[in-house]
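**Q** Here you go, one structure.
The values are calculated or read from the model by the stated rules, or taken from the named source; none is laboratory data. Computed from a predicted model, the values in this text were never measured in an experiment. Cβ placement follows ideal geometry from the backbone for every residue including glycine, while neighbour counts extend to all protein chains displayed.
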Amino acid sequence: MTETRHHLSSQPSSPPSLAGKSVLISYLRPYVQMADPENTYKFNVKMTCGGCSGAVSRALGKVSEGVSSYDVSLEKQEVLVKGTLPFDDVLAVIKKTGKQVLSGEVVSKQIVPEEAGPEVDVPKEAVPVEVVN
């Protein structure tokens, strides 16, 4: 049984302190810039040995942006990938290893407010703020 789990994380910087100041929040949806949503994808990949699963792990590990974590299971013949990279791009990375991808699916997809419609609450850190003294 060979399982490889990797978590690639970078700590977000803290927002500047607004203590003691009045804050006027201007909620202008067209100007709200959201981070790309993080999705989870599952691929069934034909892997016959540790070298195969290692090749997939190395390929995903070389993706500098867009993959936050991945889990390659030789026993399950399964690759789980979390990140902001589109499905087709992750599929292309796995296929470049020469391994046969038998199937793939989106396990979870995070919806950003622009996709969800006007009734979604936008987190405070995503809303532009104007500091008023």
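**Q** Within segment 10-34, take every residue that is within 20 Å of the chain's Cα centre (by Cα) and among the hydrophobic types (A, V, I, L, M, F, W, C) and give me the one that is modelled with the lowest pLDDT.
**A** Val32
**Q** Further question on the same structure: Would you point out which residue out of Val56, Val107 is over 13 Å from the mean Cα position of the chain (by Cα), closer than 17 Å to Thr40 by Cβ and β-branched (Val, Ile, Thr)?
**A** That would be Val56, the only listed residue that is over 13 Å from the mean Cα position of the chain (by Cα), closer than 17 Å to Thr40 by Cβ and β-branched (Val, Ile, Thr).
**Q** Hey, another quick one. Taking segment 57-78 only, how many residues are in contact (Cβ under 8 Å) with a residue 40 or more places away in the chain and in a strand (DSSP E or B)?
**A** 7
**Q** Does Pro37 qualify as being modelled with pLDDT under 95 and exposed (fewer than 11 other Cβ atoms within 10 Å of the Cβ)?
**A** The answer is no for Pro37.
**Q** Could you run through segment 79-100 and say how many residues are assigned to a strand (DSSP E or B) and surrounded by fewer than 17 Cβ atoms within 10 Å (Cβ to Cβ)?
**A** Total meeting the criteria: 1.
**Q** Looking at Lys96, Lys109, Lys124 in this structure, which one is modelled with pLDDT of 95 or more and either out of contact with any strand residue (DSSP E or B) (no Cβ under 6 Å at 6 or more places or on another chain) or under 20 Å from Glu65 (Cβ atoms) (or both)?
**A** Lys96 is the lone residue from the list that is modelled with pLDDT of 95 or more and either out of contact with any strand residue (DSSP E or B) (no Cβ under 6 Å at 6 or more places or on another chain) or under 20 Å from Glu65 (Cβ atoms) (or both).
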